[in-house]
1. Taking all protein chains in place and a 1.4 Å probe, what share, in percent, of the accessible surface of segment 69-170 do carbon and sulfur account for?
2. Give the span of the chain's Cα atoms along each principal axis, as three whole-Å numbers ordered largest to smallest.
3. At q = 0.19, 0.26 Å⁻¹, what is the log10 ratio I(q)/I(0) for segment 1-72, with the Debye formula run over Cα points and no solvent?
4. Binning at 10 Å from 0, report for segment 74-132 what percent of all alpha-carbon pair distances ends up in each bin.
5. Given Cα positions, please report Rg to Rh for segment 70-170, the hydrodynamic radius being the Kirkwood one.
6. Counting only heavy atoms of the protein chains, get the accessible area per residue of the chain (1.4 Å probe) and round it to a whole Å² value.
7. Kindly sort Val68, Val37 by accessible area of their heavy atoms, largest first, with the probe set to 1.4 Å.
8. Expressed in nm to one decimal, what extension gain is obtained for the pair Lys14 and Glu150 from 0.36 nm per residue of sequence separation less their Cα-Cα distance?
Amino acid sequence: MKNGLVHLYWGDGKGKTTAACGLALRALGSGLSVVIVQFLKSGKSSELAPLRALGAVVLAEKPSEKFVSQMDDSEKAQTRAMQTALLQKALTLPCDMLILDEACAAWETDMVDRNLLRCAISERPADREVILTGRTPAEWMHTAADYSTEMCCCRHPYAQGVPARKGVEF
């Protein structure tokens with residue numbers, strides 16, 4: 001690729017991470033290198049094992065199963081440090097495609113060094129494709145995006161009490 005572009009998958013609907021992983025699969029199938037950072041996730045979702053097997057580097061770590069809103073100040077500091085370290089590590093790895101899954105949430109909750117996250121987009125190598133996902137992107141993310149796709153939830157089985165299902169939702 002000569003021109004690396006920025007993709008933004010956002011909104012309250014299902015499929016943001018799935019779309020990003022689909023791009024990773026396409027890139028890997030084309031011989032491109034892929035690095036995935038999953039902010040605020042454990043890295044255990046079912047789609048990650050085959051992506052790893054195909055050569056993607058997946059960086060994901062979370063010190064707690066708690067949501068950020070449930071964390072005390074110490075847990076927030078530990079989480080922020082861990083998420084920033086994941087991004088720092090990702091930026092040292094050469095890749096054609098960098099996926100920053102849940103970057104919107106990491107930004108919104110201040111669980112990553114914001115300057116580093118902005119620089120990952122604005123100062124990326126010219127040929128690097130970057131994908132951002134999350135529910136509520138910052139305004140600068142909208143501005144930086146070459147592609148912007150809003151995922152809207154029109155209906156979801158969770159509203160009828162159907163829990164997340166392995167292989168479909170995770």
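1. Carbon and sulfur together cover 50 percent of it.
2. The Cα atoms of the chain stretch 46, 34, 32 Å along the principal axes, largest first.
3. With no solvent term, the Cα-only Debye profile gives -0.89, -1.31.
4. 23, 57, 19, 2
5. Looking at segment 70-170, the ratio lands at 1.02.
6. Spelled out: the 1.4 Å probe surface of the chain, per residue, equals 54 Å².
7. From most accessible down to least: Val68, Val37.
8. 47.9 nm
The values are calculated or read from the model by the stated rules, or taken from the named source; none is laboratory data. As the structure is a prediction and not an experimental result, all values here were calculated from the model. Just so you know, the surface numbers come from the protein's heavy atoms only, side chains and all, with ligands and any DNA or RNA stripped out. Shrake-Rupley method; radii C 1.70, N 1.55, O 1.52, S 1.80 Å.
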